[in-house]
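Here, each number is a calculation from the coordinates, and none is a lab measurement. Only a predicted model underlies this, so the values are computations on that prediction, with no experimental measurement involved. Heads up, the Cβs are rebuilt from the backbone with ideal geometry, glycines too, and the neighbour counts pull from every protein chain shown.
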Amino acid sequence: MKLFQVRKGQFVYYNNELHKVYGVKPMYKQSVHLIKLRDLSQHLTSAAQVERYKPKELDSFIFNHKAYTLKLDQNAEEGDYILIHNPRPDSLDTYSLNEIEMVETVDKKGIITSNSHGVKHNEYLLMVPGRDKNSYPIDFKDMESGDVADLQELPPQNVNLSDNVLLPALGDIYQKKDSPELFITMVLAVKAETVYLGGGLEVSAFELMNADKWEFLYNLQD
């Protein structure tokens, strides 16, 4: 891809594996910041090394060690994950393309996520746990060259990976950037992909790593 074609939120293949564009920094040689969806590890590369993929219904992939299938004809329920593939935020919401968020409440018009976003039912694909028998795995661009074992779901793991300091860790202090009032909070606990913050707020690790919404300040142990 050309650099001007790369946008935050796009699904792309890098080194044959499925990633999501986390950010684009044109001033750097490795200008594309990626998150590998299977384990949330972060990678830097150039636009020429990635190829875009547009997710669709019945695609399946591993997100944070667990397999999911995308469904269009099924509304979300509390606790589900959604992929926002058709973002139409109003003036009070800040979500964007292909954000993955956890559902907190549901009504006839749409859902409210754990990040307080109001999303209409026609804006998202439901991430149903497991691989549907009719699903199309998209974990690798060339499925024949991928390790078959890597398509299998792994036991839930803590997102606080020791080899990736950018992921949320106990004692991390974050500032919420899209709040009208100053809001600074600390990571109190991490369970699977859920991060528990001071003030009773629960978000996914993926949401907390969104640089447009949260800014990492420091860790109490530093």
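General observations
- The residues packed around ILE100, meaning those with a beta-carbon under 10 Å from its beta-carbon, carry a net charge of -3 if Lys and Arg are +1 and Asp and Glu are -1.
- Theoretical gain in end-to-end length, GLU181 to GLU144 [0.36 nm per residue, Cα-Cα removed]: 8.2 nm
- The aspartates and glutamates within cross-link reach of LYS109, meaning a Cα-to-Cα straight distance under 16 Å and a gap of 8 or more places when in the same chain, are ASP73, GLU77, GLU78, ASP90, ASP93, GLU123.
- Checked against a 30 Å cut-off, the cross-linked pairs LYS133/LYS213; LYS120/LYS177; LYS133/LYS176; LYS2/LYS176; LYS2/LYS120; LYS25/LYS133 give Cα-Cα distances beyond that limit for LYS133/LYS213; LYS133/LYS176; LYS2/LYS176; LYS2/LYS120; LYS25/LYS133.
- log₁₀ of I(q)/I(0) at q = 0.19 Å⁻¹ - the stretch 35-147, Debye sum with one point per alpha carbon: -1.05
- In this calculation the C-beta distance from VAL24 to LYS54 is compared with R0 = 22 Å, giving a FRET efficiency of 0.80.
- Share of alpha-carbon pairs per 10 Å distance bin for the stretch 46-107, given as whole %: 17, 47, 29, 7, 0
- Positive dipole terminus of the chain, leading residue within LEU44, MET186, PRO129 (C-beta point charges): LEU44
- Volume per residue that the Cα convex hull of the stretch 15-87 spans, once the total is divided by residue count, Å³: 114 Å³
- Alpha-carbon Rg with Dmax, taken over the stretch 1-57, Å: 10.3, 36
- Dipole of the chain, positive direction: furthest Cα of ASN16, ILE62, LEU217, with charges on the beta-carbon: ASN16
- Modelled spin-label separation between GLU104 and TYR218, with each label point placed 7 Å from Cα along the Cα-to-Cβ direction: 2.9 nm.
- Packing around the peptides 1-9, 42-50, 14-22, taken as the average count of other Cβ atoms within 10 Å per residue, puts them in this order, highest first: 14-22, 42-50, 1-9.
- Mean separation of Cα pairs under 8 Å and 6 or more residues apart, divided by the residue count, gives the chain a relative contact order of 16 percent.
- Computed E for LEU188/ILE112 - FRET, C-beta separation, R0 22 angstrom, nearest 0.05: 0.50
- For the chain, the fraction of alpha-carbon pairs lying more than 25 Å apart is 40 percent, rounded to a whole number.
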